[in-house]
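These notes concern the structure reproduced below.
Values in this text are rule-based calculations from the coordinates and carry no lab data. Bear in mind the structure is a predicted one, so any value in this text is a computation, not a measurement. Because the Cβ atoms are built from the backbone with ideal geometry, glycine has one as well, and the counts that use them run over all protein chains shown.
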Amino acid sequence: MRANSAGYYAVSVEAKICGLTRPDDAAFAAAHGAWRLGVVFASGPRVVTTAQARAIVAAAGGVPVLGVFGPQPLQTMLETVSAAGLTGIQLHGEHPRHVARELHAHGLEVWNVVPVRADIDLAATLSAAAIDADALLIEATASGGSGGKGIAIALDLARAARVAAPAIRFVLAGGLTADSVSEAIRVVGPAAVDVSSGVESSPGVKDRDRLARFLENVLAARSAA
């Protein structure tokens, strides 16, 4: 990572496409350069069954697929991951600290989701969340749970969070679209961006044009970096 003359960050950035419900969308995203894919088991209109997740994994062509879980029992998560063939888990909500450690012990990639706002101690919050995590996913604070709501995080706040967490893979999420992702990457400098509703025609149904343009713009930002 380096800063350009304007003080912004430039990184080799990757893209995760989340909230997948259809194998064809997973195959399309994988073919167009997605680095990670995601299926939801937590809550909301994009929740899938284990069978649906297994079909998405099969369509992904080897691109790792993460399962998004809320505060669900550890054993439930492990059983679902095994049955669906998932590569890792994205943890939303409150989880005991040992959960990430146990997931790691089973060879899984672990992402911790951190909703941020301006009045918290970013360094302390992110440092605690980074323990036993492979990545931190940063998004705006939202009522009624987090994820998939299309709520954009203020870029100056996201950049402050990036500066406060320099030693871990930093993933930016929330309200990103094909039109906004280039500027978000330029300002924040994440290692990856995560999108769900911003590339959809309806919840869980990815729009091919929006998805392709999003991935093209991430690739262009990577090339510029």
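A compact table of results
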| quantity | calculated |
| --- | --- |
| In nm, spacing of pseudo-spin labels at Ala128 and Val205 (7 Å Cα→C-beta vector) | 4.2 nm |
| Three-way shape call for segment 131-225 based on the alpha-carbon gyration tensor, with the a/c threshold at 1.5 | oblate |
| Whole-angstrom gap from segment 30-76 to segment 169-207, using each part's C-alpha centre | 17 Å |
| Theoretical ellipticity at 222 nm over the chain - DSSP helices of four or more residues, -39500 (n - 2.57) apiece, nearest 500 | -11000 deg cm²/dmol |
| Over segment 85-139, equivalent-ellipsoid semi-axes from the Cα gyration tensor in Å | 22, 11, 8 |
| Alpha carbon Rg of segment 50-151, scaled by the compact-globule rule 2.2 N^0.38 Å | 1.11 |
| Surrounding net charge for Ala29, when Lys and Arg each add one and Asp and Glu each subtract one, Cβ distance under 11 Å | +3 |
| Rg to Rh quotient for segment 2-224, alpha carbon positions, Kirkwood Rh | 0.94 |
